[in-house]
Protein chains: 2
Amino acid sequence: MCDQFYAMNGGHGSQSYTKNSSPQRGAMEAAEEIIKEEISKKLDIEKLSSSTSTRTISIGDFGCSTGPNTFLAIQNIVEAISKKFETNLSNFHIPEFQVYFNDRTSNDFNTLFALLPFERQYYAAGVPGSFHNRQLPMASLHFAYSSCTLHWLSEVPKEVMNHFSPAWNKGRILYYGDKKEVFNAYAHQFAKDLNSFLKARAQELVFGGLMALLVPCEPNPIKDLSNITLPSLELLGSCLIDLAKKGLFDAAKVDSFNLPVYFTYPNELKALIERNEDFIIERMEILNNSTKHITTPNSKLFTGFIRALYEGLLKAHFGSEIMDELFNTYEEKVEESALLLNPNENSMITFVLLKCKRIS
Amino acid sequence: MCDQFYAMNGGHGSQSYTKNSSPQRGAMEAAEEIIKEEISKKLDIEKLSSSTSTRTISIGDFGCSTGPNTFLAIQNIVEAISKKFETNLSNFHIPEFQVYFNDRTSNDFNTLFALLPFERQYYAAGVPGSFHNRQLPMASLHFAYSSCTLHWLSEVPKEVMNHFSPAWNKGRILYYGDKKEVFNAYAHQFAKDLNSFLKARAQELVFGGLMALLVPCEPNPIKDLSNITLPSLELLGSCLIDLAKKGLFDAAKVDSFNLPVYFTYPNELKALIERNEDFIIERMEILNNSTKHITTPNSKLFTGFIRALYEGLLKAHFGSEIMDELFNTYEEKVEESALLLNPNENSMITFVLLKCKRIS
């Protein structure tokens, strides 16, 4: 249960995830109605109720961060399940709800707990640990949820850090389509991590339990992968190189830094899930309007968003003293770039609803 | 689920609870063997296993603070239950364990999570909220534990803060036997809080579930209550008055400050538990050697212990800027006093094992 990694920025300050997570809220809002509909249609509450002798329905949010998005998503799920109990059971009773808020041990759970809604219809528990491993007992969960999290890898692929490997990622902080070895190393790590995630959840979920995933994706490649770039992170890499040139740190420090993120494609995601035998895909689609919260091009807000996500990792490698200069440079470059002219062009969220067919 | 209160000092620093909790460890260690013995004799694992269709045994520590004591206590309970499964069930299987670490929302859960043992035989979850209220679903718990916590009241009794009440506690920060009205207000608050605690746990525990309580007590009063004093906290009150005299704050600030703690008596505790109809007392005794970790008179260590416990409350009322001066004064007074000559004289821990007879 090792947790060597770095979480979203904690606390409530101007650079916190709490204050810089409206893009993720867009994804969540876009999925709200779909989740309600699917719970109403597909959640077999009579089977779920009989699967535990208590009257508790358990829900887990994997990679919940510090709020407030997680609370809105959970509220939606709790209401939808309550409604189903209200309208479907002849022997009417609303169950009690237990919600597990999971994120890495380094997540700021103190902030999460302080922000928990005062009026809530569920018991809340924080579960520290990587969602690539088991975090809950066997068959203890009825509904799992994970939004904007699966692009985080469990680790940077080892090859890209190895000077002697053809996948060595010199001078860059992420994969690009033009270097196949690096790209493949990242894609392979993603496949492995997604498989670990699915295997762990399949054990935690009851038979017939549902899982809703909101997965940040890039559009399916039309011809080949060689044109793939991630402009916002490419820009971040170029800022680091600028700072190295200014002498703030050695250029080799950029060579040894890589972001542990990979943005999959709907087709690839589908194939990887189908390879796992514990789940059936009940629904899969690209969310509409998932990026509505970042439609106003504003370099300051955009920089805040990127900073809340990646500062933890950057600090650990480059030191906290250069963070302000790095993100000031970043904001200037965003302002000068074409990045915000059409911010929605590439970002998309794939919604997947899975049903657990594993008998624990 | 309001949580207006202040927890033990967080973090890992020299003034943290983590570094100043060896007296509480003494209590825990003194109870270890008794808990093992009672689990072996009294935990009806066949009934418990049938009470949930999953193979999970759930354990809750109420008022766990930041560790490490809670981890040692939980380890002991998990091992004892595992052993019982190993030796008692013909159809041998060791269950999975889910442990709920509960404390107030203001507790430093980040530190607790960071200190979680890497090698553990249980799934861990943090549950933020006052243990005077329900924190877990109905019938979701098999074993509850709470050590050195029940002397914390949910609030300072209102009368002692009221200038117009005969129970107004002018110039003192706690009850003493010589002022009956103040003493009764505290005793009444304790009775009410203990009842809330027992009612909440009775709903959370399964029928036949066990609860082990380690309750800090004073010896049963021999004649009357008028001689009751709590020298270590009386000394703290006198330091606050000294600081007020020095002009660091107004004397009225001492009048309006009261510690929300009450140390019960074994006889009183027994009577209050018996008044609750959800539990049977299976065992009750004064622990031997529960204070062995504070037998070396050392004013510095003793001050650190008191500071880790009460600084949160004192800071919130008097401001953090006077804390160093307050505890330097305290350490000097402890050194000059007879307090450490026989530190074990009054402190005692009553162990109580309860069985839940409430059918959820």
Hey, could you check region A:197-222 for residues that are open to solvent by 20 Å² or more (accessible area, probe 1.4 Å) and over 30 Å from A:GLU336 (Cβ atoms) and say which is nearest to the chain's Cα centre (by Cα)? A:LYS199
If you scan region B:164-204, which residues turn out to be closer than 21 Å to B:ASN133 by Cβ and of a type in the set (S, T, N, Q)? B:GLN189, B:ASN195, B:SER196, B:GLN203
Yes/no for B:HIS163 being assigned to a strand (DSSP E or B) and either surrounded by 17 or more Cβ atoms within 10 Å (Cβ to Cβ) or away from every other protein chain (no Cβ under 14 Å) (or both): no
May I ask you to list the residues in region A:303-323 that are surrounded by fewer than 16 Cβ atoms within 10 Å (Cβ to Cβ), more than 23 Å from the chain's Cα centre (by Cα) and assigned to a helix (DSSP H, G or I)? A:SER320, A:GLU321, A:MET323
Sort out for me the helices (runs of 4 or more DSSP H) sitting completely within region B:31-131 that have 2 or more residues that are more than 14 Å from every other protein chain (Cβ to nearest Cβ), touching a residue at least 24 places away in the same chain (Cβ under 8 Å) and over 22 Å from A:PHE101 (Cα atoms). B:45-51, B:69-88
Taking region B:92-121 and keeping only residues that are among the hydroxyl-bearing types (Ser, Thr, Tyr) and in contact with a Pro (Cβ under 6 Å, 6 or more places away or on another chain), one is left with B:THR105
Take A:GLN121 and tell me if it is more than 21 Å from A:TRP152 (Cα to Cα), in contact with a Lys or Arg (Cβ under 8 Å, 6 or more places away or on another chain) and open to solvent by 30 Å² or more (accessible area, probe 1.4 Å). no
Please specify each residue of region B:178-196 satisfying the condition of being touching a residue at least 60 places away in the same chain (Cβ under 8 Å) and over 18 Å from B:ASP224 (Cβ atoms). B:GLN189, B:PHE190, B:ALA191, B:ASP193, B:LEU194, B:ASN195, B:SER196
From the option list A:PHE71, A:PHE109, single residue qualifying as within 23 Å of the chain's Cα centre (by Cα) and within 18 Å of B:ALA114 (Cα to Cα) is A:PHE109
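Residue-by-condition table, conditions (1) within 24 Å of A:ALA27 (Cα to Cα); (2) touching a strand residue (DSSP E or B) at 6+ places or on another chain (Cβ under 8 Å); (3) of a type outside the set (Asp, Glu):
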residue: A:TYR145; (1), (2), (3): yes, yes, yes
residue: A:CYS148; (1), (2), (3): yes, yes, yes
residue: A:VAL156; (1), (2), (3): no, no, yes
residue: A:LYS170; (1), (2), (3): no, no, yes
residue: A:ASP178; (1), (2), (3): no, no, no
residue: A:LEU225; (1), (2), (3): no, no, yes
residue: A:ILE241; (1), (2), (3): no, no, yes
residue: A:ALA244; (1), (2), (3): no, no, yes
Out of curiosity, is B:LYS158 away from chain A (no Cβ under 14 Å), charged (D, E, K, R) and out of contact with any helix residue (DSSP H, G or I) (no Cβ under 6 Å at 6 or more places or on another chain)? yes
Residues (open to solvent by 10 Å² or more (accessible area, probe 1.4 Å) and either farther than 22 Å from A:GLU79 by Cβ or within 11 Å of chain B (Cβ to nearest Cβ) (or both)) located in region A:132-148: A:HIS132, A:ASN133, A:ARG134, A:MET138, A:ALA139, A:SER140
Against the condition in contact (Cβ under 8 Å) with a residue 60 or more places away in the chain and either in contact with a Leu (Cβ under 9 Å, 6 or more places away or on another chain) or open to solvent by less than 20 Å² (accessible area, probe 1.4 Å) (or both), how does A:LYS253 come out, does it pass? yes
Filtered residues of region B:197-241 (kept if more than 30 Å from B:ILE281 (Cβ to Cβ) and out of contact with any Ser or Thr (no Cβ under 6 Å at 6 or more places or on another chain)): B:PRO231, B:GLU234, B:LEU235, B:LEU236, B:GLY237, B:SER238, B:LEU240, B:ILE241
Across region A:252-284, what is the number of residues that are over 17 Å from A:PRO219 (Cα atoms) and either in a helix (DSSP H, G or I) or aromatic (Phe, Trp, Tyr) (or both)? 9
Conditions (1) over 30 Å from B:GLY209 (Cα atoms); (2) surrounded by 18 or more Cβ atoms within 10 Å (Cβ to Cβ); (3) of a type outside the set (Ser, Thr, Tyr): number failed by B:LYS300: (2)
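The values are calculated or read from the model by the stated rules, or taken from the named source; none is laboratory data. Since this is a predicted model, take the numbers as computed values, not measurements. No Cβ is skipped: glycine too gets one built from the backbone with ideal geometry, and neighbour counts run over all protein chains shown. Note: areas computed on protein heavy atoms with side chains; ligands, DNA, RNA excluded. Shrake-Rupley method; radii C 1.70, N 1.55, O 1.52, S 1.80 Å.
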